[in-house]
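Beneath this line is the structure, given in structure tokens, with notes to follow.
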Amino acid sequence: MNPYGITLDKIIPLSLARLEADATVVDEVDGELFPFFEEEARAELQLIERALLGWDEAPAPLKDLVRQFHTLKGAANSIGHIRIGALAGGMKDLLEQIDPAHTAALRHQMIKTNIQVIQTIRALLQEVRSPKFNPVKKEQIVLTVQAIMCLWTMAGNLQKAA
């Protein structure tokens with residue numbers, strides 16, 4: 001538990017025990033809507049990456065990152081991709097709690113965590129395209145959630161110290 005009282009089950013609304021017990025959690029993705037979602041998701045992920053890559057010139061505005069993860073969360077949930085929705089929602093909730101004054105101190109961990117979330121979301125998109133050949137390992141999702149939790153803890157500690 002971190003200073004915000006956030007637990008893994010609050011970030012991932014799937015039972016962590018179930019996630020760890022099963023090789024994968026099956027999302028009920030609407031096949032007709034998936035191509036439209038995938039296009040939107042890839043565009044949002046590129047916007048997030050551009051903001052992170054340009055961080056040295058201008059720190060990524062938290063409100064833009066929040067909006068992009070919010071868009072991913074809503075779109076993923078609307079087509080039945082629970083894991084993408086949960087990861088995007090976890091990042092959105094986290095970024096909403098970070099004090100903009102702390103972004104410089106959290107820069108390295110924020111970039112690292114965002115990249116890990118992006119990579120996992122991309123893997124989950126690929127899994128829908130060919131689940132037999134590209135199953136996402138539960139360990140990748142658990143490690144991504146743990147990275148989000150680590151950033152929550154760091155942000156909470158900065159908040160307490162301020």
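The values are calculated or read from the model by the stated rules, or taken from the named source; none is laboratory data. This one's a predicted model, so the numbers in the text were calculated from it and none came from an experiment. The area values use the complete protein model at the heavy-atom level, side chains included, leaving out ligands, DNA and RNA. Shrake-Rupley method; radii C 1.70, N 1.55, O 1.52, S 1.80 Å.
Details
- Note on surface exposure: Met154, Met149 rank Met154, Met149 by accessible area, highest first, 1.4 Å probe.
- Reciprocal mean inverse distance between Cα atoms of segment 42-139 - Kirkwood radius, Å: 13.9
- Solvent-accessible surface of segment 29-136, averaged per residue with a 1.4 angstrom probe and all protein chains in place: 49 square angstrom.
- Cα-only Debye scattering, segment 89-162: base-10 log of I(q)/I(0) at q = 0.16, 0.19 Å⁻¹: -0.60, -0.76
- The aspartates and glutamates whose alpha-carbon is closer than 17 Å to the alpha-carbon of Lys63, local same-chain residues fewer than 8 away aside, are Glu44, Glu49, Asp93, Glu96, Asp99.
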